[in-house]
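J.: My structure is below; once you've seen it, I'll send some questions.
The values are calculated or read from the model by the stated rules, or taken from the named source; none is laboratory data. Every value quoted in this text rests on a predicted model; they were computed, and no experiment measured them. Positions of Cβ are backbone-derived with ideal geometry, glycine not excepted, and every protein chain shown enters the neighbour counts. Ligands, DNA and RNA are stripped out before the accessible areas are found, and what is left, the full protein with its side chains, is counted by its heavy atoms. Shrake-Rupley method; radii C 1.70, N 1.55, O 1.52, S 1.80 Å.
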Amino acid sequence: MTDRPKPLWTAAEIAALPEVHIRHPLNPASDVHLRPVGQMAGLRRLALTIARVPPGRESFIYHAHERDEEFLVILSGRGRALIDGQEHEVGPGDVMAFPTASVAHHLSNPYEEYLVYLMGGE
(Lines give C-alpha, C1' and ligand atoms only; values in the text may rest on other atoms or scores of the structure.)
Protein backbone atom coordinates (compact mmCIF):
# COMPACT_ATOMS: atom_id res chain seq x y z
CA MET A 1 0.00 0.00 0.00
CA THR A 2 1.36 3.45 -0.91
CA ASP A 3 1.32 6.53 1.26
CA ARG A 4 -1.01 8.97 -0.43
CA PRO A 5 -1.72 12.56 0.55
CA LYS A 6 -5.07 13.31 2.11
CA PRO A 7 -7.40 14.18 -0.81
CA LEU A 8 -10.11 16.02 1.17
CA TRP A 9 -9.53 19.07 3.36
CA THR A 10 -12.58 20.63 5.01
CA ALA A 11 -12.99 24.37 5.29
CA ALA A 12 -12.53 24.07 9.07
CA GLU A 13 -9.24 22.18 8.63
CA ILE A 14 -7.96 24.74 6.15
CA ALA A 15 -8.96 27.65 8.41
CA ALA A 16 -7.06 26.07 11.30
CA LEU A 17 -3.79 25.89 9.35
CA PRO A 18 -1.15 28.59 9.80
CA GLU A 19 -0.87 31.16 7.05
CA VAL A 20 2.26 32.30 5.26
CA HIS A 21 2.48 36.10 5.42
CA ILE A 22 4.11 37.74 2.40
CA ARG A 23 4.86 41.34 1.51
CA HIS A 24 6.29 41.91 -1.95
CA PRO A 25 9.58 43.80 -1.58
CA LEU A 26 8.81 46.10 -4.54
CA ASN A 27 5.34 47.13 -3.32
CA PRO A 28 5.08 48.73 0.14
CA ALA A 29 1.26 48.27 0.07
CA SER A 30 1.60 44.50 -0.52
CA ASP A 31 0.20 42.39 2.33
CA VAL A 32 -0.95 38.85 1.52
CA HIS A 33 -1.74 35.88 3.77
CA LEU A 34 -1.46 32.51 2.00
CA ARG A 35 -2.52 28.93 2.64
CA PRO A 36 -0.92 26.57 0.08
CA VAL A 37 -3.74 24.03 -0.11
CA GLY A 38 -2.39 22.31 -3.22
CA GLN A 39 0.78 21.27 -1.42
CA MET A 40 -1.24 19.95 1.53
CA ALA A 41 -3.25 17.76 -0.82
CA GLY A 42 -0.11 16.48 -2.52
CA LEU A 43 -0.39 18.34 -5.84
CA ARG A 44 2.99 18.47 -7.57
CA ARG A 45 2.25 20.02 -10.96
CA LEU A 46 -0.33 22.59 -9.93
CA ALA A 47 -0.04 25.36 -7.36
CA LEU A 48 -3.31 26.01 -5.52
CA THR A 49 -3.39 28.67 -2.82
CA ILE A 50 -6.02 30.50 -0.79
CA ALA A 51 -4.98 34.14 -0.43
CA ARG A 52 -6.31 36.90 1.83
CA VAL A 53 -5.62 40.60 1.32
CA PRO A 54 -6.49 42.88 4.27
CA PRO A 55 -8.57 46.04 3.84
CA GLY A 56 -6.60 48.88 2.29
CA ARG A 57 -3.78 46.62 1.06
CA GLU A 58 -2.66 45.03 -2.22
CA SER A 59 -1.61 41.59 -3.44
CA PHE A 60 1.82 41.59 -5.08
CA ILE A 61 2.90 43.90 -7.91
CA TYR A 62 1.49 44.64 -11.35
CA HIS A 63 3.02 41.76 -13.31
CA ALA A 64 2.67 39.36 -16.23
CA HIS A 65 3.73 35.74 -16.74
CA GLU A 66 5.78 34.58 -19.70
CA ARG A 67 5.67 30.83 -19.06
CA ASP A 68 3.14 30.02 -16.32
CA GLU A 69 -0.62 30.12 -16.59
CA GLU A 70 -2.54 31.47 -13.61
CA PHE A 71 -6.16 31.81 -12.52
CA LEU A 72 -7.92 33.54 -9.63
CA VAL A 73 -11.42 32.97 -8.27
CA ILE A 74 -12.81 35.52 -5.81
CA LEU A 75 -14.27 33.66 -2.82
CA SER A 76 -15.36 36.57 -0.60
CA GLY A 77 -14.98 40.30 -0.25
CA ARG A 78 -14.47 42.73 -3.10
CA GLY A 79 -11.41 44.05 -4.81
CA ARG A 80 -10.11 45.96 -7.77
CA ALA A 81 -8.28 44.12 -10.51
CA LEU A 82 -5.95 46.02 -12.79
CA ILE A 83 -5.79 43.93 -15.96
CA ASP A 84 -3.88 45.10 -19.02
CA GLY A 85 -4.20 48.73 -17.91
CA GLN A 86 -7.97 48.55 -17.21
CA GLU A 87 -9.43 48.58 -13.69
CA HIS A 88 -12.34 46.26 -12.84
CA GLU A 89 -14.25 45.73 -9.61
CA VAL A 90 -14.32 42.03 -8.69
CA GLY A 91 -16.37 40.07 -6.19
CA PRO A 92 -17.43 36.56 -5.15
CA GLY A 93 -17.65 34.12 -8.04
CA ASP A 94 -15.62 36.26 -10.46
CA VAL A 95 -12.87 34.40 -12.31
CA MET A 96 -9.71 35.82 -13.88
CA ALA A 97 -7.53 33.70 -16.16
CA PHE A 98 -4.10 34.52 -17.48
CA PRO A 99 -2.83 32.11 -20.16
CA THR A 100 0.76 32.51 -21.32
CA ALA A 101 2.06 34.92 -22.30
CA SER A 102 -0.31 36.81 -20.02
CA VAL A 103 -1.38 40.40 -19.84
CA ALA A 104 -0.23 42.33 -16.79
CA HIS A 105 -2.48 42.08 -13.74
CA HIS A 106 -2.73 43.08 -10.08
CA LEU A 107 -5.29 43.00 -7.22
CA SER A 108 -5.97 45.62 -4.58
CA ASN A 109 -8.46 45.81 -1.74
CA PRO A 110 -9.70 49.36 -1.06
CA TYR A 111 -12.71 48.04 0.86
CA GLU A 112 -13.40 47.40 4.57
CA GLU A 113 -13.41 43.59 4.57
CA TYR A 114 -10.81 41.01 3.60
CA LEU A 115 -10.53 40.05 -0.07
CA VAL A 116 -10.24 36.25 -0.24
CA TYR A 117 -9.43 34.37 -3.43
CA LEU A 118 -8.28 31.02 -4.74
CA MET A 119 -5.14 31.31 -6.85
CA GLY A 120 -3.89 28.49 -9.04
CA GLY A 121 -1.50 27.81 -11.83
CA GLU A 122 1.57 26.06 -13.04
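J.: Anything in region 56-67 that is more than 13 Å from the chain's Cα centre (by Cα), closer than 23 Å to G38 by Cβ and in a loop (DSSP other than H, G, I, E, B)? List them, or say none.
T.: A64, H65, E66, R67 - these are the residues of region 56-67 that are more than 13 Å from the chain's Cα centre (by Cα), closer than 23 Å to G38 by Cβ and in a loop (DSSP other than H, G, I, E, B).
J.: Something else about it: Would you check which residues across region 30-71 are at positive phi and modelled with pLDDT under 95 and list them? It would help to see each step written out before you state the result.
T.: Residues of region 30-71 at positive phi: 42, 56.
Selection gives G42 alone.
Every residue, every condition in (1) out of contact with any helix residue (DSSP H, G or I) (no Cβ under 9 Å at 6 or more places or on another chain); (2) of a type in the set (K, R); (3) open to solvent by less than 30 Å² (accessible area, probe 1.4 Å); (4) under 22 Å from V90 (Cα atoms), yes or no:
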site: P18; (1), (2), (3), (4): yes, no, no, no
site: P28; (1), (2), (3), (4): yes, no, no, no
site: L34; (1), (2), (3), (4): yes, no, yes, yes
site: V37; (1), (2), (3), (4): no, no, yes, no
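J.: Quick check, is R67 charged (D, E, K, R), open to solvent by 80 Å² or more (accessible area, probe 1.4 Å) and over 21 Å from E122 (Cα atoms)?
T.: Details: charged (D, E, K, R): yes; open to solvent by 80 Å² or more (accessible area, probe 1.4 Å): yes; over 21 Å from E122 (Cα atoms): no.
So R67 does not fit the description; no.
J.: Let me ask something else. Out of V53, V73, V95, report the one residue that is closer than 21 Å to R35 by Cα, open to solvent by 70 Å² or more (accessible area, probe 1.4 Å) and aliphatic (A, V, I, L, M).
T.: V95
J.: Go through (1) out of contact with any Pro (no Cβ under 9 Å at 6 or more places or on another chain); (2) outside any loop (DSSP other than H, G, I, E, B); (3) of a type outside the set (D, E, K, R) one by one and return the number of the condition L48 breaks.
T.: Failed condition: (1).
J.: What is the one condition in (1) in contact with a strand residue (DSSP E or B) (Cβ under 8 Å, 6 or more places away or on another chain); (2) more than 19 Å from E122 (Cα to Cα) that Q86 does not satisfy?
T.: Only one criterion in (1) in contact with a strand residue (DSSP E or B) (Cβ under 8 Å, 6 or more places away or on another chain); (2) more than 19 Å from E122 (Cα to Cα) is unmet by Q86, namely (1).
J.: Let me ask something else about it. Condition check: open to solvent by 70 Å² or more (accessible area, probe 1.4 Å) and within 21 Å of E122 (Cβ to Cβ). Does L46 satisfy that?
T.: The answer is yes for L46.
J.: Has region 44-57 got at least one residue that is free of Cβ contacts under 8 Å to residues at least 60 places away in the same chain and hydroxyl-bearing (S, T, Y)?
T.: Checked region 44-57: no residue is free of Cβ contacts under 8 Å to residues at least 60 places away in the same chain and hydroxyl-bearing (S, T, Y).
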